[in-house]
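Peer 1: I have a structure I would like to understand better, so I am pasting it below and will then ask my questions one at a time.
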């Protein structure tokens, strides 16, 4: 199971997570190549207008 866990950097760069915290619009996901988990958001920011992504 551990081999399937994502790092904090992978979770941060996941485009839907960036939408959730407000750094992207939902409509912008149409332009992201699928599968989304295979695409890393360049310059992903952990803070957004609607919250932040924190490591555990």
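What follows is calculated from the coordinates using simple rules that are stated; it is not laboratory data. Bear in mind that the values here come from a model prediction, so they are computed numbers and not experimental data. Ideal geometry is used to build each Cβ from the backbone, glycine not excepted, and the neighbour counts take in all protein chains shown.
Peer 1: Would you mention how many residues in the range 37-50 are outside any loop (DSSP other than H, G, I, E, B) and closer than 16 Å to residue 8 by Cβ?
Peer 2: In the first step, residues of the range 37-50 are kept if they are outside any loop (DSSP other than H, G, I, E, B); the result is 37-38, 47-48.
Adding the requirement that they be closer than 16 Å to residue 8 by Cβ leaves 37, 47-48.
Number satisfying all stated conditions: 3.
Peer 1: Would you mention how many residues in the range 29-56 are surrounded by 10 or more Cβ atoms within 10 Å (Cβ to Cβ) and in contact (Cβ under 8 Å) with a residue 40 or more places away in the chain?
Peer 2: Of the residues in the range 29-56, 1 are surrounded by 10 or more Cβ atoms within 10 Å (Cβ to Cβ) and in contact (Cβ under 8 Å) with a residue 40 or more places away in the chain.
Peer 1: Count, please, the residues in the range 1-18 that happen to be loosely packed, with under 13 Cβ neighbours inside 10 Å and part of a loop (DSSP other than H, G, I, E, B).
Peer 2: 4
Peer 1: Can you name the residue in the range 19-36 that is out of contact with any helix residue (DSSP H, G or I) (no Cβ under 8 Å at 6 or more places or on another chain) and part of a helix (DSSP H, G or I) and, of all such residues, is nearest to residue 56 (Cα to Cα)? Can you show your working first?
Peer 2: The initial filter retains those residues of the range 19-36 that are out of contact with any helix residue (DSSP H, G or I) (no Cβ under 8 Å at 6 or more places or on another chain), namely 20-23, 27, 30-31, 33-35.
The next check asks that each one be part of a helix (DSSP H, G or I); those that pass are 20, 27, 30-31.
Values: 20: 18, 27: 29, 30: 30, 31: 30 Å.
Once the filter is applied, the top-ranked residue is 20.
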